[in-house]
1. Within the range 100-112, can one find any residue that is hydroxyl-bearing (S, T, Y), farther than 30 Å from A41 by Cβ and in a loop (DSSP other than H, G, I, E, B)?
2. Do the conditions hold for A74, that is, is it more than 28 Å from Q183 (Cβ to Cβ), under 22 Å from the mean Cα position of the chain (by Cα) and in a helix (DSSP H, G or I)?
3. Considering only the range 227-246, state which residues are over 8 Å from the mean Cα position of the chain (by Cα) and β-branched (V, I, T).
4. Could you say which residue among G153, G168 is within 23 Å of K99 (Cα to Cα), in contact with a helix residue (DSSP H, G or I) (Cβ under 9 Å, 6 or more places away or on another chain) and surrounded by 24 or more Cβ atoms within 10 Å (Cβ to Cβ)?
5. Mind telling me which of the residues G98, G66, G61, G114 ends up being without any contact (Cβ under 8 Å) to a residue 60 or more places away in the chain, under 20 Å from G168 (Cβ atoms) and under 22 Å from the mean Cα position of the chain (by Cα)?
6. Within the range 57-70, is there a residue that is surrounded by fewer than 10 Cβ atoms within 10 Å (Cβ to Cβ), of a type outside the set (S, T, N, Q) and either farther than 24 Å from G153 by Cα or at pLDDT 85 or above (or both)?
7. With closer than 17 Å to R47 by Cβ and either part of a loop (DSSP other than H, G, I, E, B) or not charged (D, E, K, R) (or both) as the only criterion, which of A86, A116 stands out?
8. Condition first: among the charged types (D, E, K, R), modelled with pLDDT of 90 or more and in contact with a helix residue (DSSP H, G or I) (Cβ under 7 Å, 6 or more places away or on another chain). Now tell me which residues in the range 77-131 satisfy that.
Amino acid sequence: MNTFGFTIVTVTLFVAGFGGTYYAVGKPGLMVASGPADCDARTQECRARLRAQGERAFGRGDVATGDAAFGRAAVAGDVRAAFELAWHHEEAYRKVAGKTLEAGTAPVEESQPGIAGLPKGAAFLDLTKRYEEVPPGPARALADRSLAFLWYGYAANGGFGPAMNNLGAMYQFGLMGARDRIQAHSWYRRAASAQNPVGKLNERILDIRYGAECDFDPSLVFAGGLTAPPIDLEDDVVLRTRFRGRTVPSGVRGMFKAQNLAVSKPPEEMGVLDVMQIAAAARAFDFTDLKQDWDDAPEVEAMRGKQRDCSEKRSASGAAVDHDKMRKLRSMQDSIDRRSAELMRRRY
């Protein structure tokens, strides 16, 4: 090897060695070593670092580090970390369960203290540890399901609407051992009370499915001035909030943001871009996102028949509270459309 070649090899090895050491130690703000980040979990910055570290750990299959990082943030008061940790374990269970999510039996914790009786802090971590330590095998999927239930419950006890909604989905689609519409509706209603728009929509779809309501119009999610907490509308949170047991379609996500803007910002404060965003989201929303709730064709037709009957009876009664809300919402949308067109004419 000549002198030039030797120099190139030496420099390459040095750079590779230095780069590997730098990556292992971590760039500023980037923790990749095993174990949770060494920082004060009482601070918001540390909790964000722990969430990011947990996300990377799950991404590379290091579940132990992911559990530790998310868990530290969660018991320090980060309900979002608890929610996201639950989602990772629910996904692990779903991958094993496939299309048949019913597990046969409910988690032990569900039949004993329930959500309200869950411990907090270190005692809660002791409770989850026995499931985290279950080795790969037939029992691992059920351990993941228990962890999903526990961490969703922890976040729900902290008032986090998306976690309440996902508990409802666990009951509705059989992850709790059997399909339980009553418990599902109860948790969706709690999520709606926490101003979570996915929970509100899931609650309404269940009402329609079982004949208690008629309207499928998604605008009713925000009827009565419902304004979602900003964190509930962040993309990574919305994508992990179960809608019809699955992920929230892009059209529904856009509708949430636009409707939230419409009810939280006075019309006189809206700019042209605000109005255009609302109008675009209203037109881009795909109504089939709601209609495809049921795979069984006879049940779909039966529900549509109930909707028709309900609508006819309500129209005949004259006591159409929701109809009045819809009329007002549509009137507001028409006003926004007119204002948007006028502003566009003035500008261009």
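The values are calculated or read from the model by the stated rules, or taken from the named source; none is laboratory data. Not measured: the values here are computed from a predicted model. A quick note on method: Cβ atoms are made from the backbone with ideal geometry, for glycine too, and the neighbour counts reach across all protein chains shown.
1. Yes, the range 100-112 contains at least one residue that is hydroxyl-bearing (S, T, Y), farther than 30 Å from A41 by Cβ and in a loop (DSSP other than H, G, I, E, B).
2. Criteria not met by A74.
3. Once the filter is applied, which keeps residues that are over 8 Å from the mean Cα position of the chain (by Cα) and β-branched (V, I, T), the range 227-246 yields T227, I231.
4. G168
5. From the options G98, G66, G61, G114, the qualifying one is G114.
6. yes
7. After ruling out the rest, the residue left standing is A86.
8. Result: D78, R80, E84, E90.
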